[in-house]
Amino acid sequence: MFQDGNILSTFRGPWGVRVEVDQSIVFLVGVLIYLSLGSGLLDGAIYALMLVLAIYLHELGHAWGCLVQGVPVRRVVLHGGGGFCEHAISPDRHSQELIVLMGPLVNLALWALSGVALFLVDLVFMNAMNSGGSLTYAYFVITDYIWLFGFINLMLFLYNIIPVQPLDGGKLLHLGLLRVLRSELAHRVTGGIGLVISLIYIPVAIYAYVDWGWILFFIPSPRAHYNMMRGNLAF
């Protein structure tokens, strides 16, 4: 659904990495703002910006994993379905492990840092209360947004480690199996596990939308995982 053929803007990120923003990111932000109209336009816009920032930092994690191992990065692309980090050369299997792992680890670290930030904000405001002050509106705004940014990153971490292709979890599963199984068998087992999870994923995605209002833009392909289980190069 989301391709990288309509680049909206380009800039240089950390380490000189070329970052391209696809037009479909506007669609993602627009949908999130539209869904928040009942609760507040500003909150929806801030949530959308936090999500895009978390995705951007996730992809920079992949880029860092490339660069520290001497793998040049061609570009990082952000689009309506998430993003990807494109290598200039094909890394070896062991290099790929760190490259893939760094994206989810960045989100996990940001979640942990958000928790530390909440603790520090609480400490500052509690000290103010002990000095005769009271909790202000600013306290609730600041803590709500810090909590939201942490929650977004935790969800991105959990989402990305689902062992289906082409998510990071599916790639890590495949790379892990390659350490203990021959290549063809690792490929088939990865496809079989992905097939089971992708079939479970569909009713879970429907439940998430009906009960929580969450829209999961990515749906794993049972057919592609079935083909992978049969030994075909599906991804």
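The values are calculated or read from the model by the stated rules, or taken from the named source; none is laboratory data. Because the structure is predicted, anything quoted here is derived from the model rather than measured. Ideal geometry is used to build each Cβ from the backbone, glycine not excepted, and the neighbour counts take in all protein chains shown. In case anyone asks, the SASA skips ligands and DNA or RNA and just uses the protein heavy atoms, side chains included. Shrake-Rupley method; radii C 1.70, N 1.55, O 1.52, S 1.80 Å.
Using 0.36 nm per residue and subtracting the Cα-Cα separation, the extra length available between Phe217 and Tyr159 on full extension is 19.7 nm. Across region 74-86, computed HN-Hα scalar couplings (Karplus, 6.51 cos²θ - 1.76 cosθ + 1.60, θ = phi - 60°) run 6, 5, 10, 10, 10, 9, x, x, x, x, 7, 10, 9 Hz from first to last residue, x flagging Gly and Pro. Taking amide H positions as modeled 1.01 Å from N, with prolines and chain starts lacking one, the residues under 5 Å from Leu8 and 5 or more places away or on another chain are Val21, Asp22, Gln23.
The accessible surface of region 140-235, taken with every protein chain in place and a 1.4 Å probe, is 69 percent carbon and sulfur. Just how far, in whole angstrom, is region 71-129 from region 4-34 if you go by their alpha carbon centroids? For region 4-34 versus region 71-129, the Cα centre distance is 17 Å. May I ask for the angle, rounded to the nearest 10°, between helix 137-160 and the longest principal axis of the chain, with both axes built from Cα atoms and the value confined to 0 to 90°? Relative to the chain, helix 137-160 is tipped by roughly 10 degrees.
A P(r) calculated from all alpha carbon pairs of region 64-115, with 5 Å bins opening at zero, reads 5, 19, 24, 23, 17, 9, 3, 0 percent. In the chain, the longest principal axis of the Cα atoms and the axis of helix 41-67 are about 50 degrees apart. Share of Cα-Cα pairs in region 117-235 beyond 25 Å, in percent? In whole percent, the share of Cα-Cα pairs in region 117-235 beyond 25 Å is 47.
3J(HN,Hα) couplings calculated from phi for region 93-105 with the Karplus curve 6.51 cos²θ - 1.76 cosθ + 1.60 (θ = phi - 60°) are, in sequence order, 4, 6, 5, 4, 4, 5, 4, 5, 5, 5, x, x, 5 Hz; Gly and Pro show x. Here the Karplus relation 6.51 cos²θ - 1.76 cosθ + 1.60, evaluated at θ = phi - 60°, turns the backbone of region 113-121 into coupling constants of 5, 5, x, 5, 4, 4, 4, 5, 5 Hz, with x for every Gly and Pro. A dipole drawn for region 43-149 from +1 and -1 charges on Cβ atoms has a positive end, and of Trp111, Thr143, Gly65 the residue lying farthest that way is Gly65.
If R0 is 22 Å, the Cβ-Cβ spacing of Glu184 and Ser90 corresponds to a FRET efficiency of close to 0.70. Within the listed set Ala48, Ala88, Ala138, the Gaussian network model of the chain (springs between alpha-carbon atoms below 10 Å) gives the highest mean-square fluctuation for Ala138. From a point 7 Å beyond the Cα of Val204 in the direction of its Cβ, which residues of region 147-173 have a backbone N at a distance under 17 Å? Under cut-off, by backbone N: 154-173.
Taking the Cβ of His94 as the centre, find all other residues whose Cβ is under 14 Å away and add up their charges (Lys, Arg: +1; Asp, Glu: -1).
+1
One way to sum up the overall shape of region 41-83 is the equivalent ellipsoid from its Cα gyration tensor, whose semi-axes run 27, 10, 5 Å, largest first. Between the Cα long axis of helix 168-178 and the first principal axis of the chain there is an angle of about 40°, rounded to the nearest 10.
If you take the square roots of the eigenvalues of the alpha-carbon gyration tensor of region 1-159 and sort them as a ≥ b ≥ c, do you get rounded (a/c under 1.5), prolate (a/b over b/c) or oblate? Since a/c reaches 1.5 but b/c is at least a/b, the shape of region 1-159 is classed as oblate.
Using helices alone, what [θ] at 222 nm do you get for the chain, with -39,500 (n - 2.57) per DSSP H run of 4 or more residues, divided over all residues and rounded to the nearest 500?
It comes out at -21500 deg cm²/dmol, rounded to the nearest 500.
Between the amide H of Val164 and those of Gly169, Gly170, distances stay under 5 Å, these residues lying 5 or more places away or on another chain, with hydrogens modeled in the peptide plane. With N counted as the residues of region 151-198, its alpha-carbon radius of gyration over 2.2 N^0.38 Å works out to 1.20.
Normalised by the number of residues in the chain, the average gap of Cα pairs under 8 Å and 6 or more apart makes the relative contact order 14 percent. Between the amide H of Arg75 and those of Glu86, distances stay under 5 Å, these residues lying 5 or more places away or on another chain, with hydrogens modeled in the peptide plane. Simple point charges give the picture: +1 on the Cβ of Lys and Arg, -1 on the Cβ of Asp and Glu, and for the chain a dipole about the Cα centre of about 720 debye.
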